[in-house]
Amino acid sequence: MFTANRVYSQRLATVADARTIVPLWQAFAQQRTQVDPSMQLKPGYDFEQYISYQLQRPFSFFFLLEVELDETSDLKEIVGCFAIYFYDEAPPPELEGIDDFMESPFQPRRVGAVLGLYIDEKHRQPHTIKLLVDGAIAKAEELKVTDVDVLVSAEQTGVQKLLERHGFTKSAVQYSRHYQIADTENLPSLHPDVLSSGVEPEMETVAASIPLRNIENYELVKNPNGEVIFLQPITNAAGELLCSSSGLPIYPNPLHDLETNAYVFDQDGKLVTCPVLQDCDGVVEYAGIPQFCPPLYQRSDKNLVLKQDKNGTYLFAEADVDESGKVKRSPDGKPIFKQ
C-alpha cells in the first residue's frame, strides 16, 4: 500500500538499468503521442536498445527515481526517470576555423537538451519530481552549461507551470501543421545530392586528434602512465581515413566500465575502444551514424561486468551477416548482433 512517508532517492542510471527503464520510457512515449498526434510511435520499436545507446553516449544521462519497497530491506523500485544530454554548439578547439561559413550567426551555447521526464502516476508528487529535476540541474551546473532547453506540448500546462517554478521561462512558441501522407506515395528525396551540390566529393577531409575528457567532470583523461589520451581518427589497413556517409572522419568509441562509468584500459595501459562495425559495403551506419560493436557482459556476484577472454582481452559482439557479407538489420534498419 502506498503511503506518503515512503523514502525516495535519485541516482544516475547505468547500462545495466536499461531494461528496467523501458516500461517508463514506453509510457512517456505513449503519453507524448496522446498530446501530439503528429508524433507517432514506430511499430515494434526497440526501447531497450535506444536507452542502452543513450546511456553509452558520453554526455547523455538518465536520472532515476527510486522508492524503498519496505523499511526492513535495501530493495528499491525504479518509478521515474529524467533523461538529458549535453552538447556544445561550438566546435572542439582542435577544429576551430574549419568550415566557418557553415556556423550559425549566433554565439554558440553550451546546452542541456531534455529528452523527457516521466514518473509513475502513483508516485507523481511535487517532491519526487523535484528530486529528478534537481539532479539534472545539478549536472547541468556541474558541466557549466549556458542553457537548458525543454520542448513541451501546448497541452501540458502542468509541466509548463512546473518548469516556471524551477526558473524556466518561455523562450519560443512552436507551431506545427501535420500532413497525412500515404505510405505508398512516391516521396521526393530530402537528402542532399553530394554530386550535384557543388561540393567536391574527393575533397580532402580534415581530421584532428581530440583529447579525451572525463564525462563526469570534463577533465582530461590520462592513461596509467599519466599521459593525456588523444582520440585519433580511425583508419583502414591502408592507412586511409574511415569517413561517414557525410564525409566526416570517424573517431573511436571508448569503452566504459558499468559500475564506475570510467574509461577502460587494457593490461598494457592502452585505452580500450569498441570496434567500428563494417561489412562488405564498408562502415555500417544507422540513421547516418556509424555503428560500433557493443561490448559483451557476464554475471559476476550478481553484477554485470565486461567480458574478457583468458588472456584478458575484452570481447565484443559480432554482427549477424547474410550470405553476401552484409550486416543483417531489423525492420527499422538497426544492425543485428549475434546473441
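Relative contact order of the range 8-165, please, whole-number percent, based on alpha carbon pairs below 8 angstrom and at least 6 residues apart.
Relative CO of the range 8-165 lands at 25 percent.
At 222 nm, what helix-only mean residue ellipticity would the chain give, in deg cm²/dmol to the nearest 500, using -39500 (n - 2.57) for each DSSP H run of four or more? Intermediate results must be reported in sequence, preceding the final value.
On the way: 4 runs with 54 residues, N = 339.
Dividing the helical sum by the residues of the chain leaves -5000 deg cm²/dmol.
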Task: Projected label distance in nm at HIS127 and SER330, using a 7 Å step from Cα toward the beta-carbon - done: 3.9 nm
Task: Zone residues, the range 316-330, relative to ASN236, backbone N less than 20 Å from point 7 Å out along Cα-to-Cβ - done: 319, 321-322, 324-328
Open item on the list: Quick check: the distance between the Cα centres of the range 119-172 and the range 273-317, to the nearest angstrom?
Closed with: 35 Å
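Quick check: residue separation of LEU69 and SER300 times 0.36 nm, minus the Cα distance between them. What number comes out in nm?
Numbers: separation 231, 0.36 × 231 = 83.16 nm, distance 2.49 nm.
This chain segment gains 80.7 nm when fully extended.
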Task: Of PRO211, PRO23, PRO37, the one that fluctuates the most in a GNM where the chain has Cα springs shorter than 10 Å - done: PRO37
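Before anything else, pin down the relative contact order of the chain: Cα pairs under 8 Å, at least 6 apart, normalised by residue count, whole percent.
Values: 457 pairs, mean separation 35.3, N = 339.
Computed over the chain, the figure is 10 percent.
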- [ ] Pop the C-beta distance of THR260 and TYR286 into the FRET formula with R0 = 30 Å and round what comes out to the nearest 0.05.
- [x] 0.60
Task: Highest-MSF residue in the chain out of SER171, SER153, SER60 [GNM, Cα springs under 10 Å] - done: SER171
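How long is the gain from ARG110 to LEU248 if the chain were fully straight, where each residue apart is worth 0.36 nm and the alpha carbon distance is subtracted? Walk me through the numbers before you get to the answer.
Values: separation 138, 0.36 × 138 = 49.68 nm, distance 2.22 nm.
Here the segment from ARG110 to LEU248 would lengthen by 47.5 nm.
Using R₀ = 30 Å, calculate the FRET efficiency as 1/(1 + (r/R₀)^6) where r is the Cβ-Cβ separation of GLN308 and GLN180; round to 0.05. Don't skip to the answer; put the middle values down first.
Details: r = 52 Å, r/R0 = 1.74.
Once the sixth-power term is evaluated, E becomes 0.05.
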Open item on the list: For ASP183, ASP320, which order do you get if you count the other beta carbons within 10 Å of each Cβ and list the fewest first?
Closed with: ASP183, ASP320
Task: Neighbour cut-off at most 15 other Cβ (10 Å), DSSP loop, GluC sites (Glu not before Pro), the range 238-339 - done: GLU240, GLU259, GLU318, GLU323
Task: the range 203-339 shape via C-alpha gyration tensor axes, a/c threshold 1.5 - done: oblate
- [ ] State, to one decimal in nm, how far the label point of ASP320 lies from the label point of PHE59, with both points 7 Å from Cα in the Cβ direction.
- [x] 3.6 nm
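Relative to 2.2 N^0.38 Å, what does the C-alpha radius of gyration of the chain come to as a ratio? Two decimals please.
Values: Rg = 22.3 Å, N = 339, 2.2 N^0.38 = 20.1 Å.
Normalised Cα radius of gyration, the chain: 1.11.
Mind checking which helices in the chain clear 18 Å along their axis (Cα) and have mean Kyte-Doolittle hydropathy of -0.5 or more, DSSP H runs only?
Working: long enough: 18-35 (25 Å, -0.11); 126-142 (23 Å, 0.12).
Span-like helices in the chain: 18-35, 126-142.
Relative contact order (percent) for the range 203-339, with alpha-carbon contacts under 8 angstrom and 6 or more residues of separation?
Relative contact order here is 15 percent.
Enumerate by residue number the GluC sites (Glu not before Pro) in the range 1-94 meeting two conditions: DSSP loop (anything except H, G, I, E, B), and at most 16 other Cβ atoms within 10 Å of the site's Cβ. All intermediate terms of the calculation are to be shown ahead of the outcome.
Details: sites: GLU48, GLU66, GLU68, GLU71, GLU77, GLU89, GLU94; in loops: GLU71, GLU89.
Answer by residue number: GLU71, GLU89.
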Task: Point-to-point label distance, LYS144-ASP88, nm (Cα→Cβ direction, 7 Å offset) - done: 1.0 nm
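Quick note: the coordinates plus some simple rules give every number you see, no bench work behind them. What you see is a predicted model; the values in this text were computed from it and never measured. Here the Cβ is made from the backbone with ideal geometry for all residues, glycine too, and neighbour counts use every protein chain on show.
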